[in-house]
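The values are calculated or read from the model by the stated rules, or taken from the named source; none is laboratory data. Since this is a predicted model, take the numbers as computed values, not measurements. Methodologically, a virtual Cβ is constructed for each residue, glycine included, from the backbone with ideal geometry; neighbour enumeration extends over all protein chains shown. To get the accessible areas, we keep the full protein, side chains included, count just its heavy atoms, and leave off ligands, DNA and RNA. Shrake-Rupley method; radii C 1.70, N 1.55, O 1.52, S 1.80 Å.
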Amino acid sequence: MTHDEIFAKVRATLVDALNVDDNEVTPTARLKGDLNAESIDFLDIVFRLERQFGFSIPREDLFPESIFQGDPKFVAGGKITEPGLVELQTRMPYADLTEFRKDPRLDKMEDLFTVDLIVNYLQSRVNAK
């Protein structure tokens, strides 16, 4: 599948799951900040994508934010440390951390979860088959 084909399926899934307009689901749209997704929505999105693509998607593959809860090696002063950034890149090789590295505040981490991140993840899984 091409990037565009995967994007079209992800867009349709997000429109249905989040009850948003088709034109709101752009590659750079943030799931929480732009599409108003809530934690419960992430479970629904993963479930729908699993059905759509025919393989299991461990939630922590797409949304590994739990690695930063309470580990002082990864978070200090509300910011993700360099070892934390390395861990994040290891767990999310499909994420573009370029901008996030400039200001790696924990409260900005949700901005990483964009439509394109989902598409890139799915493309890496589809291509691995």
Quiz item: Mean residue ellipticity at 222 nm from the helices of the chain, using -39,500 (n - 2.57) per DSSP H segment of n ≥ 4 over the full residue count, to the nearest 500 deg cm²/dmol?
Solution: -15000 deg cm²/dmol
Quiz item: Looking at the chain, do any whole DSSP H helices span at least 24 angstrom along their long axis by alpha carbon and average 0.0 or above on Kyte-Doolittle, and which?
Solution: none
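By how many nm would the segment from residue 127 to residue 43 lengthen if fully extended, with 0.36 nm per residue of separation less the alpha-carbon distance? Mind showing how you got there, number by number?
Working: separation 84, 0.36 × 84 = 30.24 nm, distance 2.35 nm.
So the chain would gain 27.9 nm between residue 127 and residue 43.
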Quiz item: Between residue 30 and residue 76, what is the spin-label point distance in nm, taking each point 7 Å from the Cα along the Cα→C-beta axis?
Solution: 2.6 nm
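Residues of the chain: accessible area per residue at 1.4 Å, in Å²?
On the way: 7000 Å² over 129 residues.
Ligands and nucleic acids excluded, the result is 54 Å² per residue.
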Quiz item: Roughly how big is the chain's charge dipole about its Cα centre, with Cβ charges of +1 (Lys, Arg) and -1 (Asp, Glu), in debye to the nearest 20?
Solution: 400 debye
